[in-house]
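Shown next, in structure tokens, is the structure this report addresses.
The values are calculated or read from the model by the stated rules, or taken from the named source; none is laboratory data. Since we're looking at a predicted model, the values are computed, not measured. Please note: Cβ atoms are built from the backbone with ideal geometry, for glycine as well, and neighbour counts cover all protein chains shown. Remember, those area values only see protein heavy atoms, side chains included, never the ligands or the DNA or RNA. Shrake-Rupley method; radii C 1.70, N 1.55, O 1.52, S 1.80 Å.
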Amino acid sequence: MKKHILVDILIVLLILLALGVGYFTYKHFRQTADKQIEKTSKIAFQVFLRGVTITGKENPIKVGDKTFISIRNVPYTDLKVINSIIDTKKVIMPNPSGNTPFTLVQDFSQVFMYDIIVTVVDNAKITKDGAVVGGNKIKMGLPITLEGKNYKFNGTVSDVEILPETPVQSSSQVKPIVPSQQNIPVQVGSQTTQQSNTQLQPAVQVRK
């Protein structure tokens, strides 16, 4: 008999608690998830893939294709790629002749290692704490996996941008993350060429 009384008391307390939460929510003492959402907007975020091993001749992540996104190893959805920048691994070397004491040159000890910056777009819920997609706040440092028909790379979010209301016409509307030097000398054999970091390189230059 005492057990039945305790169960009845517990049920009554739970009902009172639920009614109390509903009352305070109705009186705006407690914000719900919908109340925290300020608007829905299209965003672009960049994923930095460090030290990717590629022995082929092309960058597998191409502009215009869709890549499957996993956030914290949880599958999310396919997103469109609007920019994909690939570059060889670099090493700092002394610059005996020039305006700067050091220069960046291609690291031939890692001929198949590349850094890639991929920009994708998505629709997000904008809150006071940032953009939310798939129930996750998209912030720099968030682990992201990109997967296509012939690749699966792990990276982290390196930049997030809320896009204007007008549709994205090209990848030039989203500024890529690049080093401060716009043109970095790249040593190729016995020649030195100027390679622009802002220019998309659809092919991977592999030289032995």
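Some points to look at:
- Positive minus negative residues near THR88 (Lys, Arg vs Asp, Glu; Cβ under 9 Å): -1
- Pairs of Lys residues in region 45-143 that lie 8 or more places apart, or on two chains, and have C-alpha atoms under 22 angstrom apart add up to 16.
- ASN154 versus ILE92: modelled label distance in nm, points set 7 Å from Cα along the beta carbon direction: 2.8
- Site pair ASP107 and GLU58 shows an inter-label distance of 2.8 nm when each label is modelled 7 Å from Cα along Cα→Cβ.
- GLU165-GLU38 pseudo-label distance in nm [points 7 Å out on the Cα-to-Cβ vector]: 1.6
- Per residue accessible area in Å² of region 72-134, where ligands, DNA and RNA are left out and the probe is 1.4 Å: 53
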